[in-house]
1. Report, as a whole number in µm² per second, the diffusion coefficient that Stokes-Einstein gives for the range 70-166 at 20 °C and 1.002 mPa s using the Kirkwood radius over alpha carbon pairs.
2. Can you tell me what the convex hull of the Cα atoms of the range 165-221 projects to on average, as an area in nm²?
3. Mind listing the Cα extents of the range 359-407 along all three principal axes, in Å, largest one first?
4. If we restrict to alpha carbons, what Rg and Dmax does the range 328-446 come to, in Å?
5. Beyond 26 Å, what percent of the Cα pairs of the range 76-227 remain?
6. Gap in Å between the Cα centre of the range 322-358 and the Cα centre of the range 426-444?
7. At 0.36 nm per residue, minus the direct Cα-Cα distance, what do E387 and A420 gain on full extension? Give it in nm, one decimal, please.
8. Could you work out how much longer the chain between A215 and A442 gets when fully extended? Use 0.36 nm per residue separation minus the Cα distance between them, nm to one decimal.
Amino acid sequence: MADPADSSRVTLVIRGGTVVGPEGLRRVDVAISGTTIAAVAESIEPPSGATVLDAAGCLVGPGLVDLHAHLRQPGREEAETVESGARAAALGGYTAVVAMPNTEPPIDSAGVAKEVLALGAGCPAEVAVAGAITVGRAGTALAPMGELAALGVSLFTDDGAGVQDGGLMRRALDYAKGLGVTLAQHCEEERLAAGGAMHEGCWSSRLGIPGVPAAAEEAMVARDVSLSRLTGAAVHFLHLSTAGSVELVRRAKAEGLPVTAEAAPHHILLTHDLVAGYDPVFKVNPPLRPAEDVAAVVAGLCDGTVDAIATDHAPHAPETKDVPFDEAPPGMLGLQTALPLAWEVLSPHLSPERVFALMSSQPAVIARLTATDPRLVGHSAQGGPVEVGVTANLCVFDPTAATVVDPAGLASRSRNTPYAGRTFTGAVRHTVLRGEAVVIDAVAQR
Ligand SMILES: [Zn+2]
């Protein structure tokens, strides 16, 4: 195949990889000119001066998009900053992340949103923000969603807390529908969950740790399915973790309601018995569940009920996490391990295209990041496809290399990974952001 006509302007060439596209896998090279894919062809000779990335044996897919990352800035910079989180994201193959609003202060006003967006400028992954649904995430009064939407904020959530008041949630949905934005719910009925620190079941009884019943999640999923039906507004369900929740979303979709859902990597792999050692690294909200729930979430990802894998990356500084299980804050790191983990769990069931869709194009659609938004300065179209003319946001993944999880080697400021010492099959090799190789051979370039 010929080189692109204007090969002198080619700035980066990815050689020897297999492109993951909607029409299947293709053994082709990819040439990039500036920020854009200029050629996809069987053999591209790099012009002198162009950066060359070796992708032999690798899959070349669209850069991953995370709907759910806690970057902790402002307020908890000892745990993570926008920059350290974005670097962890890039090393994990992500080219965009949505920063959750449970910062201190929370992202419930244009001022804080602008601050986080400014911190994200120049980072090795694009940083979008989710706005809070209610002022202070306190669940009592609606946040100025219109003011936030005017900045390009398209996802709103009180994550960390669910909106308990159904009447307020209904008004928020009406408002969101008018603004053309999506509400994302952390599904937890607080009075059912009160005092719980792990899944309520055989292991919570055995360990003497107060439990959170599956019903605490499912009751809110059921309520919000009803509210989506009532208002016609879109609802996105965050980190679904139980078989009952997955079934509720499956039925809502069958009915044609505008609902979407995500699952976190830990909920497709880890189970509640891991809490047996009382290690707070396994404390997370929603909690780790029994194997039947894990299997149901995986089945939901496989049959299209669950639209996306979202990390719920939740850094905690060691001094806050190294306390008794009951007192520890919930949350786990996720950005640097999500793709190898998802690959290990899902690739026996799904094609590479489907795995990438769950982590790139589908979350990009939910977060409305597939097209450039003039309000979001420095942001580009995310979610692929890997085709000529598309912005070069790419993830080069070696499905046979090993990822050995060493907490000390992670880019995050925190170390609370539940996978310490574990080896996953599959490793992110290169990440390309707007045509720039920001990760080369698993090393961050900035
Ligand atoms: Zn949450």
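Every read-out reported here was derived from the displayed coordinates using simple, explicitly stated rules and does not represent laboratory data. Note that this is a predicted model, so its numbers are computed, not measured. Using ideal geometry, Cβ is built from the backbone for each residue, glycine included, and neighbour counts are taken over all protein chains shown.
1. Value of D from the Cα-based Kirkwood radius: 161 µm²/s.
2. Answer in nm², one decimal: 4.3.
3. That works out to 40, 28, 19 Å along the principal axes.
4. In Å, with Rg to one decimal and Dmax whole: 15.4, 48.
5. 36
6. 19
7. The span from E387 to A420 would gain 8.2 nm if fully extended.
8. Taking 0.36 nm per residue and subtracting the Cα distance, the gain is 77.6 nm.
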